[in-house]
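> For reference, the structure I am asking about is given below.
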Amino acid sequence: MTSPMNDFCSREEQLLPPPRQIQSRQSESRLRRVRRFLSAVVSQLALGVLCGSTVPAGTSNSLMDISTDGTLLVCSNRDNGTLSVVDLINHQKTHEINVGHFPEGVSFLGDTHTVAVAVYAEDRVQFVEADTGETVGNVDVFDEPYGVVSNRSGSHVYVTLDYPGQVLEIETGTRQIKRTFAAGAFARGIAIAEEAERLYVTNYYTAQLLAIDLAAGEQVDEWTGTDFDNLCRQVVLNPHRDKAYLPHLRSVTTIAHGAGSIFPYVAVVNTGADADRRRRRIKMDSFNGAQVTSNPWEVAVSPDGRRLYVVFAGTDDMYISNILDDDYWEIEFERHVRLGHNPRAVRVAPDSKTFSVYNALDFNVVVYDAQQVKPIATIDVCENVLEEEVLAGKKLFYSALQPMSGRHWIACSSCHPDGDPDGRTWQNPEGLRNTQALFGLAWTHPIHWSADRDEVQDFEHTIRGELMQGRGLIKGKVNSPLGKPNAELSSSLDALAAYTNSHTFTLSPHAKHGLSDAAKRGREIFFSEETQCATCHSGPYFTDSTPKPTSHLHDVGTGTFDKSEKMKPAYDTPTLLGVYRTAPYLHHGLAETLADVLTTQNPDDQHGKTSHLSADQIADLVAFMNSLPYENPQSAAETTGLQRIDH
């Protein structure tokens, strides 16, 4: 294991200058640190922090929030579609409100007890009065609201749209969208620095941090990590220093091995204008000696600015660190805490005396004494609505512990969180393989681009292989992929399959009001005899890959682009449902857009005949594909008798 000192340099970090320049810069750096320290002290005295006052609720996105007065906690329950309200004085749930499919970020509005919750799969921001449990308003948005923060007065909330990568400014009094800001691609994390009139936004698949000036309404800065940075869903600001903290993964796509492909990081960004070092990544797998952690989901900074809390959803644990004001080490390990199943959120009380952790697959919130770091209350926030087999499988899917993973770096969810892809193309032993989404998997077997597995249970080979290096779930012999079934050899493996096959589609936001005129024209082109797009992309799931004894593999001319390809250049047909948000495309990920799939990556018309189409016709065809699904595919599949795999 390496120490944090040996961490790879980010793009912003420079080679060391000559010694004399080093000495000069160190002196300048010390002067800047002294000035910042004195400024921080003055600010803390002005705010009354040193006397024990608090900071507002809702300044950074989370699945939980605590009211400014410290009396209430709210958390979103993704699996059962509810928002829970917890009385932190008496440690009991007071309300559970149905809000819809897959709620994510929550935020109190300023100092009030009114809450905004992002209902991810229903494209809505819902406002709830926490004292009564009453819904007091809704705002419909384009697609996939994820993170929510409030300004200090509660007059406005700011919401990230994962797709298409925007931030909305919503006036809470009128519940009207006032402004829309471009925010890169797949915007998730968001934090507000009201004094600086700035929003800070993370891009999910790149861990890039953007700064948006609220007065100008435009991006004014960005902090880019490495090409390997991935899956960043949150950003938290230090209330007393110009620092931002981002939990994310480092996905090294050139290595398909458990000891070299996926790592947990916390990036520390200097947001001040005079920062010597703009961004530093801290390895969480070597932060506490040789202990490896997996999938950092959320972080929290105590309101006094002294502690950083990091929860790891893959290894069910947490690190507590002391925050240093040194612009180098940044944080210093204090202690390690074991948590429940799949912890996804951590929040610190306004007085910094307690903190709360949301264990998503135990469906509870645990409140801890911050000084003793001991649990003082466990509150059940919702019922489990999943079938017991599916819940057991989901716990395995999110676990980077044995028997799933031997070295604790990787869980199934490290590449397929909540059924989504990771936006990466991996160099696998058989060649380049773009990560696919899991939605509709039960209807679209066999699995993998090369159709080399005909049941989820065949992933026992992956669990035991070089990537995950786990003990596995079958006791005894494992049948070869595509051979005798591995189903019914292990109840745990069957449970994993049941969860993996449970992911279903939501309708495309591009077809909320039906197909556009362009999409209708594109549909005609798609189903025409001339293009033959529907020859392979057929049926309710727009694929000829369906659960049946034989599979259809197609040579569409893309195999020759990848010189590392080891298998015959024939591939399983992917579903086109949800294709609007799953770039890059094709097995090798070389098509950045759907237009590329039809043009630059299809020079010989092997992937449908499209070379004769005009630019406008290509645009119409893309508009149609972006509209999929515009109707429920499962209903059509059941009507036509299409087979479904449940286990």
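Nothing in this text is a laboratory measurement; each read-out follows from the coordinates by a stated rule. Computed from a predicted structure; not experimentally measured. Positions of Cβ are backbone-derived with ideal geometry, glycine not excepted, and every protein chain shown enters the neighbour counts.
> Determine the equivalent ellipsoid of the range 288-343 by diagonalising the alpha-carbon gyration tensor, then write out the semi-axes as square roots of 5 times the eigenvalues, largest first, rounded to whole Å.
Rounded to whole Å, the semi-axes are 20, 13, 9.
> Could you list, bin by bin from short to long, the percent of Cα-Cα pairs of the range 4-380 in 10 Å steps?
5, 25, 35, 25, 8, 1, 0
> What is the pair-distance distribution P(r) of the range 401-551, computed from all Cα-Cα distances in 5 Å bins starting at 0, with each bin given as a whole percent?
Spelled out bin by bin, the range 401-551 gives 2, 8, 13, 19, 19, 15, 9, 6, 5, 3, 1, 0 percent.
> Ok, one more. With θ set to phi - 60°, apply the Karplus curve 6.51 cos²θ - 1.76 cosθ + 1.60 along the range 108-115 and write out the HN-Hα couplings as whole Hz, x wherever there is a Gly or Pro.
For the range 108-115, the Karplus-derived couplings read 5, 8, x, 8, 8, 9, 8, 10 Hz, x marking Gly and Pro.
> Taking amide H positions as placed 1.01 Å from N in the peptide plane, with prolines and chain starts having none, which residues 5 or more places from Phe142, or on another chain, fall under 5 Å of its amide H?
Under 5 Å from the amide H of Phe142: no residue qualifies.
> Also, I was wondering about something else. Residue by residue through the range 190-206, what is 3J(HN,Hα) from phi via Karplus (6.51 cos²θ - 1.76 cosθ + 1.60, θ = phi - 60°)? Round to whole Hz and write x for glycine and proline.
Rounded to whole hertz, the list is 8, 9, 10, 10, 5, 4, 8, 6, 9, 10, 10, 10, 9, 9, 4, 8, 10.
> Same structure again: I need the phi-derived Karplus couplings for the range 371-378: 6.51 cos²θ - 1.76 cosθ + 1.60, θ = phi - 60°, integer Hz, Gly and Pro marked x.
Here the 3J(HN,Hα) series is 6, 7, 6, 10, x, 10, 6, 10 Hz.
> To one decimal place, what Kirkwood hydrodynamic radius in Å is obtained for the range 509-640 from all pairs of distinct Cα atoms?
After inverting the mean inverse Cα-Cα distance, the result is 15.4 Å.
> Number of Lys-Lys pairs in the range 4-380 under 29 Å by Cα, sequence gap 8 or more or different chains?
Lysine pair count for the range 4-380: 9.
> Could I ask something else about it? Points 7 angstrom from Cα along the Cβ direction at Lys520 and Asp351: gap in nanometres?
Going from the Lys520 label point to the Asp351 one covers 6.4 nm.
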